[in-house]
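Visitor: Dropping a structure here in structure tokens format, bear with me for questions.
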There are 2 protein chains.
Amino acid sequence: MSAPPRFRLGLIQMRCATDAEANLRTATAGIREAAARGARLVCLPELFRTRYFCQAEDAAAFDLAEPVPGPTTDALGRLARELAIVVVGSVFERRAAGVHHNTAVVLDADGALRGLYRKMHIPDDPLYYEKYYFTPGDTGFPAFDTAVGRVAALVCWDQWYPEGARLAALAGANVLLYPTAIGWHPSEKAEHGETQLAAWQTVQRAHAIANGVYVAAVNRVGHEGAADGGLEFWGASFVCDPFGVVLAEASRAAEEVVVVDCDLARQEDVRRSWPFLRDRRIDAYGGITKRLLDDG
Amino acid sequence: MSAPPRFRLGLIQMRCATDAEANLRTATAGIREAAARGARLVCLPELFRTRYFCQAEDAAAFDLAEPVPGPTTDALGRLARELAIVVVGSVFERRAAGVHHNTAVVLDADGALRGLYRKMHIPDDPLYYEKYYFTPGDTGFPAFDTAVGRVAALVCWDQWYPEGARLAALAGANVLLYPTAIGWHPSEKAEHGETQLAAWQTVQRAHAIANGVYVAAVNRVGHEGAADGGLEFWGASFVCDPFGVVLAEASRAAEEVVVVDCDLARQEDVRRSWPFLRDRRIDAYGGITKRLLDDG
């Protein structure tokens with residue numbers, strides 16, 4: 001089966017409860033709604049089965065992890081097959097005792113686990129203590145062939161790295177999907193909130209532009225954590241086209257299913273008019289693999 | 001002399017006439033105005049001494065080229081020394097018979113030619129026939145120590161490449177300056193003009209965000225070329241801070257001198273709060289030096 005040149009993409013922006021089963025029900029309902037509205041590729045938020053547990057370093061939270069394949073990929077795979085759609089999910093993966101990953105999974109329209117991406121860039125900032133939980137991924141930045149064509153899934157903090165987007169695009173991805181859990185520190189929101197959200201959207205739109213690919217970010221909503229602190233996840237899930245034009249953007253506080261058409265004819269047109277990939281200076285990029293170029 | 005942690009940056013958005021001497025006078029007046037308004041680093045547009053001759057492939061246009069060092073760097077160096085400022089200019093460089101470059105030059109506050117950057121990414125699109133004129137640069141993406149600290153100059157089409165911005169930032173640049181000549185095809189402006197300008201600004205703001213550096217683009221204004229075609233250079237020269245916040249943006253049609261304060265304390269603050277450089281996966285970026293990753 002050859003991939004369609006045009007398909008509908010669905011984003012499930014959701015609130016995440018403490019009950020993993022309830023979160024799976026919410027995700028399932030969202031996926032069913034997206035499929036009913038014509039989506040053939042649907043993406044969930046990062047770690048959608050749990051609260052964002054990385055707000056604290058707590059060894060007991062490793063109990064939330066599960067293997068891949070495992071219960072979540074089984075459930076999403078069944079749903080993908082039933083609906084004949086591609087589902088991109090996110091799993092707190094237990095790979096071995098003491099080796100856990102923040103993993104994106106691609107369930108193809110036949111229900112098979114088509115691909116797995118282990119978050120490569122791991123943040124560590126106040127209330128985002130991910131380096132405690134997640135071993136940095138060893139997958140690189142692959143693209144996977146699915147019923148809707150070649151797609152890549154990256155995760156949250158990866159959003160800030162042009163290298164990840166570039167490598168996924170060079171691997172042939174037409175769509176970059178970013179399951180995400182990003183929010184405001186409530187105490188910072190008034191002063192910095194708009195700037196932070198603008199930077200987050202801008203850097204991802206730039207991945208679309210620089211690479212001529214569709215980009216979608218799928219975030220959770222709602223406040224989690226201490227009543228006088230915690231994190232307010234900012235939603236604002238969005239899709240932009242291969243020239244960075246925002247096609248749809250969800251609200252900042254409500255659960256929402258967003259569906260948008262992706263058309264590879266648009267990608268072809270953009271890449272013909274703005275042929276950035278043609279002129280890359282691959283002979284001169286070696287320094288990208290250095291930490292800094294400070295050795296004179 | 002240690003570089004100041006805070007300095008004022010000036011952008012000279014100008015119209016370019018057919019007379020090279022007139023263009024130097026316009027540039028000089030702009031630089032003097034910027035300096036009088038406190039600028040200690042001033043940047044000119046790409047190829048400011050001429051009309052944008054790349055609208056046609058004409059062997060006679062090579063007569064417009066000059067050596068580096070040469071008349072333009074001499075004139076800008078004298079001005080830089082007199083005003084005790086750093087000037088970033090742009091030269092159509094004749095390096096040898098048959099080897100020409102689109103070159104950015106950095107004149108330090110003592111008048112010395114501190115650095116030279118030869119445009120690495122060369123476009124070739126209708127009315128931007130640069131591959132005919134410019135040999136791709138062999139400088140890489142260096143940063144130069146100047147009286148205002150470490151800066152990098154890149155040129156126009158480079159704006160669309162995250163790799164160039166990243167490498168200049170890794171080399172220690174705090175400010176990326178992009179002398180530019182970009183405009184609309186008049187026939188496309190109504191339909192695509194806003195989207196094109198938005199993409200151009202977005203991708204550069206993303207360089208600032210991803211790298212925690214100031215970014216400035218300096219463009220020309222005015223229509224050049226055939227009355228029923230040609231190019232309408234869109235101005236819109238701008239500066240953004242290390243989190244992508246646009247600090248100033250010039251008009252789209254008028255000559256304008258823009259001055260903006262750059263503060264390395266802001267850079268320090270942004271890089272502490274959003275430590276992207278900390279988490280780069282330099283072990284996994286080797287594929288960046290490939291054309292595509294399509295060999296399975």
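Visitor: How many residues, within region B:157-192, are at the interface with another protein chain (Cβ under 9 Å from one of its Cβ atoms) and assigned to a loop (DSSP other than H, G, I, E, B)?
Guide: Final tally of qualifying residues: 3.
Quick grid of which residues meet (1) closer than 16 Å to A:Ala153 by Cβ; (2) crowded, with 19+ Cβ neighbours inside 10 Å; (3) of a type in the set (Gly, Ala, Ser):
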{"position": "A:Gly10", "(1), (2), (3)": "yes, yes, yes"}
{"position": "A:Ala17", "(1), (2), (3)": "no, no, yes"}
{"position": "A:Glu21", "(1), (2), (3)": "no, no, no"}
{"position": "A:Ala27", "(1), (2), (3)": "yes, yes, yes"}
{"position": "A:Arg37", "(1), (2), (3)": "no, no, no"}
{"position": "A:Leu41", "(1), (2), (3)": "yes, yes, no"}
{"position": "A:Pro45", "(1), (2), (3)": "yes, yes, no"}
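Visitor: Restricting attention to region B:95-146, which residues are part of a strand (DSSP E or B), within 25 Å of B:Gly229 (Cβ to Cβ) and either open to solvent by 20 Å² or more (accessible area, probe 1.4 Å) or at pLDDT below 95 (or both)?
Guide: Listed by number, the residues that qualify are B:Asp125, B:Tyr128.
Visitor: Can you name every residue in region A:156-170 that is under 18 Å from A:Gly89 (Cβ atoms) and in contact with an Asp or Glu (Cβ under 6 Å, 6 or more places away or on another chain)?
Guide: Answer for region A:156-170, where residues must be under 18 Å from A:Gly89 (Cβ atoms) and in contact with an Asp or Glu (Cβ under 6 Å, 6 or more places away or on another chain): just A:Cys156.
Visitor: For the subset of region B:59-110 comprising residues that are in contact with a helix residue (DSSP H, G or I) (Cβ under 8 Å, 6 or more places away or on another chain) and among the acidic types (Asp, Glu), which member is farthest from B:Gln159 (Cα to Cα)?
Guide: That would be B:Asp110.
Visitor: Here is a follow-up. Of the residues that sit in region A:203-231 and are among the polar types (S, T, N, Q) and within 14 Å of chain B (Cβ to nearest Cβ), which one is nearest to A:Pro45 (Cα to Cα)?
Guide: The residue in question is A:Gln204.
Visitor: To continue, here is another question. For region B:1-22, how many residues meet the condition of being of a type in the set (Gly, Ala, Ser) and either assigned to a loop (DSSP other than H, G, I, E, B) or closer than 14 Å to B:Phe238 by Cα (or both)?
Guide: Of the residues in that region, 4 qualify.
Visitor: Follow-up. Please work out if B:Trp200 is within 14 Å of chain A (Cβ to nearest Cβ), modelled with pLDDT of 95 or more, under 28 Å from B:Gly172 (Cα atoms) and open to solvent by 10 Å² or more (accessible area, probe 1.4 Å).
Guide: no
Visitor: Looking for something modelled with pLDDT of 95 or more, small (Gly, Ala, Ser) and in contact with a helix residue (DSSP H, G or I) (Cβ under 8 Å, 6 or more places away or on another chain) - is there at least one such residue anywhere in region A:1-16?
Guide: yes
Visitor: Something else: Scanning region B:245-269 for residues that are in a strand (DSSP E or B) and among the aliphatic types (A, V, I, L, M), which turns out most open to solvent (accessible area, probe 1.4 Å)?
Guide: Going residue by residue through region B:245-269, those that are in a strand (DSSP E or B) are B:246-249, B:256-263.
Those still in the list that are among the aliphatic types (A, V, I, L, M) too: B:246-248, B:257-260.
Details: B:Val246: 52, B:Leu247: 76, B:Ala248: 22, B:Val257: 24, B:Val258: 13, B:Val259: 38, B:Val260: 13 Å².
Looking at the filtered set, the residue picked out is B:Leu247.
Visitor: Also, I was wondering about something else. Tell me, which residue of region B:243-296 that is closer than 30 Å to A:Thr135 by Cβ and in contact (Cβ under 8 Å) with a residue 12 or more places away in the chain is farthest from the other protein chains (Cβ to nearest Cβ)?
Guide: B:Arg271
Visitor: Something else about it: Please enumerate the residues belonging to region B:28-56 that are more than 15 Å from the chain's Cα centre (by Cα) and among the hydrophobic types (A, V, I, L, M, F, W, C).
Guide: B:Ala29, B:Ile31, B:Ala34, B:Ala35, B:Ala36, B:Ala39, B:Phe53, B:Cys54, B:Ala56
Visitor: Being of a type in the set (Gly, Ala, Ser), open to solvent by less than 40 Å² (accessible area, probe 1.4 Å) and over 15 Å from the mean Cα position of the chain (by Cα) is the filter here; which residues of region A:183-197 pass it? Don't jump to the end; show me each part of the working.
Guide: Step one: list which residues in region A:183-197 are of a type in the set (Gly, Ala, Ser), which gives A:183, A:187, A:190, A:193.
Of the ones still in play, those that are also open to solvent by less than 40 Å² (accessible area, probe 1.4 Å) are A:183, A:193.
A:Gly193, the sole residue that qualifies.
Visitor: Residue check, A:Val151 against (1) out of contact with any His (no Cβ under 7 Å at 6 or more places or on another chain); (2) surrounded by fewer than 19 Cβ atoms within 10 Å (Cβ to Cβ); (3) of a type in the set (Val, Ile, Thr), all met but one. Which one?
Guide: Unmet condition: (2).
The values are calculated or read from the model by the stated rules, or taken from the named source; none is laboratory data. Everything numeric in this text was worked out from a predicted model, so none of it was measured. As a convention, Cβ positions derive from the backbone with ideal geometry for all residues, glycine included, and neighbour counts pool all protein chains shown. With ligands, DNA and RNA removed, areas are computed over all heavy atoms of the protein, side chains included. Shrake-Rupley method; radii C 1.70, N 1.55, O 1.52, S 1.80 Å.
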